[in-house]
Amino acid sequence: MNHADRLERDLAVWFTETAMPSKPDYTDEIVREATRRRQRPRWTFAPAWVHGRFALPVTPGRTRIAWAAVVLVLVALAVALAAVAIVASQPKLPPPFGLAGNGLLSYAQGGDIYTFDPETGKETAIVTGPDEDHDPRWSLDGRRIVFARASVVGTRFGFVNADGGGLVVTTDALQDIDSDSIAWAPDSRAVAVAGTMNGGRAIFMVNATNGQIRLLPVEYTEFAVPIVIND
Amino acid sequence: MDQRELVDRAGRGDHDAFALLVDQSITQLEAVARLILRDPELARDAVQDAYIRAWRDLPGLRDPDRLGAWLNRLTVNACLDVHRKRRRRPIEVDLSPASPPTVGDHTSSIADRDQLERGFRRLNTDQRAVLVLHYFAGMSVPELAAMLEIPLGTAQSRLGRALAGLRAELAALDRDPLPGGQPA
């Protein structure tokens, strides 16, 4: 046995002699001390934690690059999730707003008001009779139509549902109107229109429910649409 | 319940499973820590630190079969940390082993054991750890390399240097047998 072999053997024997392996009496205390701590969540560990440390010969540089890639992916994911969360947290818009689907067209023909379904090609007369009706305009929620009705005293306004029901016609009339100025209020309860009454041009608001016409206290110069009305 | 299930359950916060894992491994880890640090109190601190780290990081342990090597590594790291933190603390040396020597040749003599003790204590903690893991815990050089995350050749040379260092210290003690060396 050479000197080196002897030293190694002596060392092993000495370790065994002095180690005195026995279960320490503080085992329970260690368990209590350890388990009162919080464990790291599983997702905070890189994939293959032990495999990477014990089996894969990954160089430090590559490890840093891999970590940087992981961090970048996580940041991108967090940004995407935040964007989705922000968009999803926005309050849902009430019926007049939001994207509208394709619906019926409305038009005037021969003094009557019609709707037309582009999908089916079906044409429906929703306001008929001897009166001269013209310039139909859909409400913003797509449920009501306002139209102008010519009469001997001026222009009245009619409101009707998309199916022809719920017809309301104003009693009062404007001497004339600028038909291009007809604008629905966002809540579909009124329309604003520029017209003439008693010789003066002004802006009027027409109630779509009871047919009352109200002069707005604003000086008319040039009516611009769309208009937002807080009735 | 086998070790894999114990590791899985402990990794999910099961205190009883963790207690069983500690019970199965603490004798070995405590002995390793005592041999490296040569101080029962420091060894206790190191073992406690190692198990606290083990509990915290158990959810990340993907291969339960590696538990033993992982715990050894945590213990060695804890020994290094404890040694660094308490470098100035006087070391208590237990010269009276509880069990009698099992080998009856000259190495079992008090004089030889004392020489080994003093020579070993002159090594740095890294060198002690390598020697303890190889000659006491029975880890092969490839296992040492994997556990310490160093190349195989580096592990081999580190072990060789530790042995050479110990041999040099013993030779120095032979020339000057009085315990005038600086303790670790």
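The values are calculated or read from the model by the stated rules, or taken from the named source; none is laboratory data. Model, not experiment: these values are computed from the prediction. As a convention, Cβ positions derive from the backbone with ideal geometry for all residues, glycine included, and neighbour counts pool all protein chains shown. With ligands, DNA and RNA removed, areas are computed over all heavy atoms of the protein, side chains included. Shrake-Rupley method; radii C 1.70, N 1.55, O 1.52, S 1.80 Å.
Listed here are the strands (runs of 3 or more DSSP E) enclosed by region A:163-222 that have at least 3 residues being open to solvent by less than 30 Å² (accessible area, probe 1.4 Å): A:190-197, A:200-207.
Close contacts from region A:22-41, counting a first residue that is within 7 Å of another protein chain (Cβ to nearest Cβ) and more than 12 Å from residue B:47 (Cβ to Cβ) and a second that is surrounded by fewer than 11 Cβ atoms within 10 Å (Cβ to Cβ) and of a type in the set (A, V, I, L, M), with Cβ to Cβ under 9 Å and a gap of 6+ residues or different chains, come to A:22/B:98. Looking at the structure I just gave you, is residue B:46 at pLDDT below 90 and in a helix (DSSP H, G or I)? Considered against the rule, which asks whether it is at pLDDT below 90 and in a helix (DSSP H, G or I), residue B:46 comes out as no. Scanning region B:33-68 for residues that are open to solvent by less than 10 Å² (accessible area, probe 1.4 Å) and under 29 Å from residue B:117 (Cβ atoms) turns up B:33, B:35, B:36, B:37, B:39, B:42, B:43, B:46, B:47, B:50, B:51.
Can you spot a residue in region B:50-63 that is out of contact with any Ser or Thr (no Cβ under 7 Å at 6 or more places or on another chain), assigned to a helix (DSSP H, G or I) and more than 9 Å from chain A (Cβ to nearest Cβ)? There is no residue in region B:50-63 that is out of contact with any Ser or Thr (no Cβ under 7 Å at 6 or more places or on another chain), assigned to a helix (DSSP H, G or I) and more than 9 Å from chain A (Cβ to nearest Cβ).
Among the candidates B:2, B:14, B:81, which residue alone is surrounded by fewer than 20 Cβ atoms within 10 Å (Cβ to Cβ), facing another protein chain (nearest Cβ under 10 Å) and free of Cβ contacts under 8 Å to residues at least 40 places away in the same chain? Step by step, each of B:2, B:14, B:81 is checked, and only B:14 is surrounded by fewer than 20 Cβ atoms within 10 Å (Cβ to Cβ), facing another protein chain (nearest Cβ under 10 Å) and free of Cβ contacts under 8 Å to residues at least 40 places away in the same chain. Restricting A:139, A:151 to those that are open to solvent by less than 50 Å² (accessible area, probe 1.4 Å), among the small types (Gly, Ala, Ser) and in contact (Cβ under 8 Å) with a residue 40 or more places away in the chain reduces the list to A:139.
Being modelled with pLDDT of 90 or more and among the acidic types (Asp, Glu) holds for only one residue in A:178, A:135, and it is A:135.
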